[in-house]
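Read through the structure below, which is laid out as structure tokens, and then see the notes.
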């Protein structure tokens, strides 16, 4: 019975210590390419547009697709003007008593 317990504990430790696989999709970029070559299949996500991906895929056995994990940054777009901030009103001037 003791051996069975140690076997179960050892198995749990081995599986808990297994390295996790790396994330396949970079959420910083909206377009990814899946490349299938002699080394297998891999996904590269570093394209900012579908056109850029298709241009990069020329001569390669790759397929472009939208990144399902893309998260746009919170920074405002460059072509959008920021909201104007109203100027503060001047402070009232105190009159001196004579």
- Note on the structure: Note on segment 14-40: residues outside any loop (DSSP other than H, G, I, E, B), at pLDDT below 90 and surrounded by 10 or more Cβ atoms within 10 Å (Cβ to Cβ) are 35, 36, 37
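Here is a yes/no grid of residues against (1) touching a helix residue (DSSP H, G or I) at 6+ places or on another chain (Cβ under 8 Å); (2) in a strand (DSSP E or B); (3) surrounded by 10 or more Cβ atoms within 10 Å (Cβ to Cβ); (4) at pLDDT 85 or above:
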{"position": "52", "(1), (2), (3), (4)": "no, no, yes, yes"}
{"position": "68", "(1), (2), (3), (4)": "no, no, no, yes"}
{"position": "75", "(1), (2), (3), (4)": "no, no, no, no"}
{"position": "88", "(1), (2), (3), (4)": "no, no, no, no"}
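The values are calculated or read from the model by the stated rules, or taken from the named source; none is laboratory data. These figures come from a predicted structure and were not determined experimentally. Every residue, glycine as well, gets a Cβ built from its backbone with ideal geometry; the counts of neighbours run over all protein chains shown.
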